[in-house]
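The values are calculated or read from the model by the stated rules, or taken from the named source; none is laboratory data. Everything quoted here is computed from the prediction, not taken from an experiment. Cβ coordinates were reconstructed from backbone atoms using ideal geometry, including for glycine residues, and neighbour counts include every protein chain displayed. Each accessible area value is taken on the protein alone, full model and side chains, heavy atoms only, with ligands, DNA and RNA left out. Shrake-Rupley method; radii C 1.70, N 1.55, O 1.52, S 1.80 Å.
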Amino acid sequence: MISAAAVAAIADRAWFDRSAADVAPDLLGALLIHDAPAGQIVGRIVEVEAYLGPEDLAAHSSRGETPRNSVMFGPPGHLYVYLVYGIHHCVNVVCGPDAKPEAVLLRAAELTQGEELARSRRGDVPASRLAAGPGNLAAAFDIDRRLNGADLLGGPVRLGLGTRPDAIERTARVGVDYAADWTDRPLRFLIRDDPHRSGR
């Protein structure tokens, strides 16, 4: 079992100040750590998607800056958290390069610490499904709009460097059929054969 104490936190903003297409695969195997009010939740990231800024028709920043997405237009290394369908939160890592508003959506993780806390929000589901899918991940880690804009260098949510997986798959992103020629671009990154992936 990987614990938060076993890895070094990513503490350099320059690490995030790169294209989401470069940050996304580097997040696979990294630890997502939330020092939540009820206790610490830790998980190994196994699935992500990159969103590449204004030209990417699937990215929120393609519509320009709004009150909802303004965090994307700020410094890299912050959380961008938004609500979909009025129910599910989605957790994103704001990237660069420079002032370019790119982000990586965290789609699935393997819980390594805080499973009981995650179950208090996710219920009686198999362990492999606790944080499988963007909305489930946000619920398991107790991340919602209150953490929108949180600085990943200062907590309470942070990232720890993990072990890069041996095999990474790339596919098209999920649910972006509206994005014209961006629909089929392989900007979803997954750890091959990991049972904690979203399953889509």
Expected field for His196, accessible surface area in Å² at 1.4 Å probe radius, rounded to 10, holds 30
When the helix-only estimate is applied to the chain (DSSP H runs of n ≥ 4, each -39,500 (n - 2.57), divided by the residue count), what is the mean residue ellipticity at 222 nm, nearest 500 deg cm²/dmol? -3000 deg cm²/dmol
Under Karplus coefficients 6.51, -1.76 and 1.60, residue-wise ³J(HN,Hα) of the stretch 95-102 in Hz, glycine/proline x: 10, x, x, 6, 8, 6, x, 10
For the stretch 1-79, what value does the Rg/Rh ratio take when both radii are computed over Cα atoms and Rh is the Kirkwood radius, given to two decimals? 1.01
With only alpha-carbon pairs counted, each pair once and no self-pairs, how large is the Kirkwood hydrodynamic radius of the stretch 54-122 in angstroms? 13.5
Computed over all unlike Cα pairs, the Kirkwood hydrodynamic radius of the stretch 36-174 in Å stands at 15.5
Quick one: with all protein chains in place, what share of the accessible area of the stretch 15-66 is carbon or sulfur, to the nearest percent (1.4 Å probe)? 50
Around Asp184, under 12 Å between beta carbons, what's the net of Lys plus Arg minus Asp minus Glu among the other residues? +2
Using DSSP to call loops (not H, G, I, E or B), can you name the chymotrypsin sites (Phe, Trp or Tyr not before Pro) in the stretch 55-145 whose Cβ has at most 15 other Cβ atoms within 10 angstrom? Tyr85
Between Asp177 and Ala99, the two model label points (7 Å from Cα along the beta-carbon direction) sit apart by a distance in nm of 3.8
